[in-house]
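Comments concern the structure below.
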Amino acid sequence: MPRPPTDPATRDWIEISSESLPTHAAVTWATTPGSGAVVSFLGVVRDHAEGRDGVTAMTYEAYVDPAVRAMRDIAAEARRRYPDLGRVVLLHRIGALDLSEASVQVVVGAPHRDHAFEAARYCIDTLKESVPIWKQEHWSGGSDWAVEQHPIRAVESSTGSA
């Protein structure tokens, strides 16, 4: 299972792993004395997908090095938009996952809830659009790549206000 960074100066925990996500450890790590709010988003494998019922499992694949770089860019942009952020966690699982298993986790700590919620939302939305990770859906009749897949876009800096 992925482990949180041990250096107390580390502010971002970004990782792709084939092991189960450490959901409790991620929230605990992001919770610091300066964080009045910690928001956690957990994406899990569900039994249906766009245009497809009866999904029984998923397999996630990634270009790991470019995916981790994109996740670091997302954390950096979130910090640029919300300079008061505390710790940021972006974790994604690859490999075969069963129903209800966690595939992605975003945790953001901030002094106030508005920035924690906004930054967490930015991180998960941008991760889904910008990180080269793909999912294959499995059902009783076979398997195929998810139908809502889209081209990967670069993480873009915002020129406007957050």
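Laboratory data are not the source of any read-out in this text; all were calculated from the coordinates shown. All of these numbers come straight from a predicted model, not from anything done at the bench.
What to note about this one:
- The spacing between the range 1-15 and the range 63-77, judged by their C-alpha centroids, is 15 Å.
- P(r) of the chain over all Cα-Cα pairs, binned every 10 Å from zero, in whole percent: 11, 39, 34, 14, 2, 0
- Sequence-distant residues sharing a close amide H with Ser143 (under 5 Å, placed H): none
- Prolate/oblate/rounded label for the range 16-87 (Cα gyration tensor, a/c 1.5): prolate
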